[in-house]
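Here's the structure, in structure tokens; my notes come after.
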């Protein structure tokens, strides 16, 4: 899942003039086929609930001067209580791992 996440974050990272995904989609419209960079790594559907939880949590993240702040355990706990979605300790570790990749990718200039 980390490979898929890193691929997604790299493509969607805001840049001057649009994201890399937007640029590659424009190339696709011009040449008539998708560039290889738009082909995603395999997504592990057995852990889709973790990806969904991460995406939901990520929409409420705060940001500082250096970019996005990490999702806190308190935010995960609040999200879990508000949504009623069960998360095991292993699920929380996976969310924090995805978040570490997100923060790393988004904070690289």
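What follows draws every value from the coordinates through simple rules; no lab data is involved. Quantities reported herein were computed from a predicted structural model and do not represent experimental measurements. Neighbour counts are summed over all protein chains in view; Cβ atoms, including those assigned to glycine, are modelled from backbone coordinates with ideal geometry.
Across 42, 16, 25, mean-square fluctuation computed from a Gaussian network of the chain (C-alpha pairs under 10 Å connected) peaks at 16. Taking 7 Å steps out from each Cα toward its Cβ at residue 10 and residue 36 produces label points 1.2 nm apart.
This ranking places 99, 12, 91 by how few other beta-carbon atoms lie within 10 Å of each, fewest first, which gives 12, 91, 99. When 56, 97, 88 are arranged by Cβ crowding within 10 Å, least crowded first, meaning fewest neighbours, the order is 88, 56, 97.
Of 54, 43, the sequence from fewest to most neighbouring Cβ atoms within 10 angstrom is 43, 54. Each 10 Å bin, from zero up to the one with the longest distance, holds this percent of the alpha carbon pairs of the chain: 13, 40, 31, 13, 2. For the stretch 35-65, the residues whose amide N sits under 11 Å from a probe point set 7 Å from the Cα of residue 107 along the beta carbon direction are 64-65.
Which parts of the stretch 33-75 would a label at residue 97 reach, counting a residue when its backbone N lies under 16 Å from a point 7 Å out along Cα-to-Cβ? Inside the label zone: 42-55.
Between the Cα long axis of helix 73-83 and the first principal axis of the chain there is an angle of about 90°, rounded to the nearest 10.
If you fit an axis through the alpha-carbon atoms of helix 48-58 and take the longest principal axis of the Cα set of the chain, what angle between them do you get, 0 to 90°, nearest 10? The angle comes out at about 90 degrees.
Starting from 0.36 nm per residue, how many nanometres of slack lie between residue 29 and residue 3 once their C-alpha separation is accounted for?
On the way: separation 26, 0.36 × 26 = 9.36 nm, distance 2.62 nm.
Full-extension gain reported as 6.7 nm.
Can you give the angle from 0 to 90° between the axis of helix 2-12 and the longest principal axis of the chain, with both taken from C-alpha atoms, to the nearest 10? Its long axis makes an angle of about 60 degrees. Given a 10 angstrom Cα cut-off, can you work out which residue in 94, 53, 34 is the most mobile in a GNM of the chain? Of 94, 53, 34, the Gaussian network model singles out 34 as fluctuating most. For the chain, modelled as a GNM whose springs connect Cα atoms under 10 angstrom apart, the maximal fluctuation among 40, 70, 89 occurs at 89.
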